[in-house]
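Report on the following structure.
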Amino acid sequence: MTSRTANFCIDAHDPRAQVAWWAQVLDDFEPDDEGADDEGADDEGADDEGANDEAGLRGPAGRWLLFLRVPEAKQLKNRMHMCLRPVDRSRDEEVARLLDLGATIVNDLRTPDSGWAVLADPEGNEFCVLTRQADESGVTRT
């Protein structure tokens with residue numbers, strides 16, 4: 001038997017601001033005030049009322065992006081990151097859109113026909129923007 005992802009947890013100084021930002025980036029995740037299933041959740045971040053200090057985005061197949069409040073700012077490179085593939089625009093158009101939303105470029109590895117851009121969200125978490133998916137003919141569109 002194998003496992004499936006349930007959620008991805010990302011440390012954040014301001015979880016709600018991160019949810020608002022990522023909701024503009026991802027079209028298949030929606031903000032959800034209910035939060036993900038608490039099974040296995042750690043209560044260390046609980047406030048005085050006992051509620052976890054987190055905010056989440058509900059995604060396809062019951063998966064979640066959870067942003068968990070931490071006191072410290074991000075200091076080192078992520079050891080895991082998301083790679084995004086644009087759906088309805090080119091890679092370069094998507095990079096421009098994300099920069100307009102407040103992302104920053106960490107490393108630009110784009111060429112005219114391939115490559116990717118490494119960006120950071122407003123709290124410094126790195127992610128990549130890849131080229132669009134190959135079409136039926138096998139041609140990848142940038």
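The values are calculated or read from the model by the stated rules, or taken from the named source; none is laboratory data. Model, not experiment: these values are computed from the prediction. Glycine gets a Cβ as well: all are built from the backbone with ideal geometry, and neighbour counts include every protein chain shown.
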Looking only at region 56-80, count how many residues are in a helix (DSSP H, G or I) and exposed (fewer than 10 other Cβ atoms within 10 Å of the Cβ). 2
I'd like the residue in region 90-109 that is touching a residue at least 24 places away in the same chain (Cβ under 8 Å) and among the charged types (D, E, K, R) and, out of all such residues, is nearest to residue 10 (Cα to Cα). 94
How about region 81-99: which of its residues are closer than 13 Å to residue 116 by Cα, of a type in the set (D, E, K, R) and surrounded by fewer than 20 Cβ atoms within 10 Å (Cβ to Cβ)? 85, 92, 93
Only one of (1) of a type in the set (Val, Ile, Thr); (2) over 18 Å from residue 81 (Cα atoms); (3) at pLDDT 95 or above is not met by residue 25, so which one is it? (2)
Taking into account only those residues within region 111-125 that are among the charged types (D, E, K, R) and crowded, with 17+ Cβ neighbours inside 10 Å, which is nearest to the chain's Cα centre (by Cα)? 121
